[in-house]
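The structure under discussion appears below in the form of structure tokens.
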Amino acid sequence: MTYTPTKSLTFDEFIVQYGDNPRYELIDGELRDMEPTGPHEAVGGKIAGRIFAEILRSDVNWFIPRTCLIKPLAAEATALRPDVIVLDEAKLNQEPLWQQEPIITNGSTIQLVVEVISTNWQDDYARKVEEYALLGIPEYWIVDFRGLGGIAFIGKPKQPTFTICLLDGEEYRQQRYRLGQEIVSPIFPTLKLRLDDVLPR
């Protein structure tokens, strides 16, 4: 990921200039070019497919939008763009921006967010953990398929890691999974998934 040395952007300026471009997000007025690679997109697509199949099997009123931004109310110049997001369709009538733009401001609309780690791993393991917890999102998956995160986040030796963050009060409890381990997701209790299943071929 690169940090574009431009002037600080407001949320509205970002929406006008980059709102339709899935390559960018905004953090504290700073434009982030997420530079997604083919393998990154393959992992995100496989995860979205597994989740979608589980939504259909569970017969819940949830869906995965093709594109979506999260605007945390407490952050004026921030627009987060998760790799996968699961929304509760019944709660979209509480979203003030949804009818005009695919933007979510209420954490209660969001059931799950997924970030696939790339070179911007610091944002995903630190800033977004705080933002998503403040929004009250019940579950956050961090998929570090190349083992890029810092040792404090994925342990030593560094290796591919799938972290499930579960909201406990106002903070996340985190559970790490390695290759070969069955992932446990309370939001999808019958989901059969291992990190191995979503790795790029």
Inset, instruction - Determine if the range 171-180 includes at least one residue that is hydrophobic (A, V, I, L, M, F, W, C), surrounded by fewer than 17 Cβ atoms within 10 Å (Cβ to Cβ) and in contact with an Asp or Glu (Cβ under 9 Å, 6 or more places away or on another chain). - result: yes
Legend entry - One residue from Gly38, Gly49 being at pLDDT 95 or above and within 22 Å of Leu195 (Cα to Cα): Gly49
Inset, instruction - Say whether the condition of being farther than 23 Å from Val86 by Cβ, at pLDDT below 95 and among the small types (Gly, Ala, Ser) is met by at least one residue in the range 165-172. - result: no
Legend entry - Scan of the range 121-132 for residues that are in contact with a helix residue (DSSP H, G or I) (Cβ under 9 Å, 6 or more places away or on another chain) and closer than 19 Å to Thr105 by Cβ, ordered by number: Tyr132
Inset, instruction - Quick one: which residue in Gly150, Gly169, Gly155, Gly180 is touching a residue at least 24 places away in the same chain (Cβ under 8 Å), small (Gly, Ala, Ser) and out of contact with any helix residue (DSSP H, G or I) (no Cβ under 6 Å at 6 or more places or on another chain)? - result: Gly150
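Here is a yes/no grid of residues against (1) touching a residue at least 60 places away in the same chain (Cβ under 8 Å); (2) at positive phi; (3) assigned to a helix (DSSP H, G or I):
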{"residue": "Lys7", "(1), (2), (3)": "no, no, no"}
{"residue": "Glu13", "(1), (2), (3)": "no, no, yes"}
{"residue": "Glu25", "(1), (2), (3)": "no, no, no"}
{"residue": "His40", "(1), (2), (3)": "yes, no, yes"}
{"residue": "Arg66", "(1), (2), (3)": "no, no, no"}
Inset, instruction - Filter the range 115-137 for residues that are assigned to a loop (DSSP other than H, G, I, E, B) and either crowded, with 20+ Cβ neighbours inside 10 Å or polar (S, T, N, Q) (or both) and give the result. - result: Ile117, Ser118, Thr119, Asn120, Ile137
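The values are calculated or read from the model by the stated rules, or taken from the named source; none is laboratory data. Being a predicted model, the structure only gives us computed values, none of them experimental. In this analysis, Cβ positions are derived from the backbone assuming ideal geometry, glycine residues included, and neighbour counts consider all displayed protein chains.
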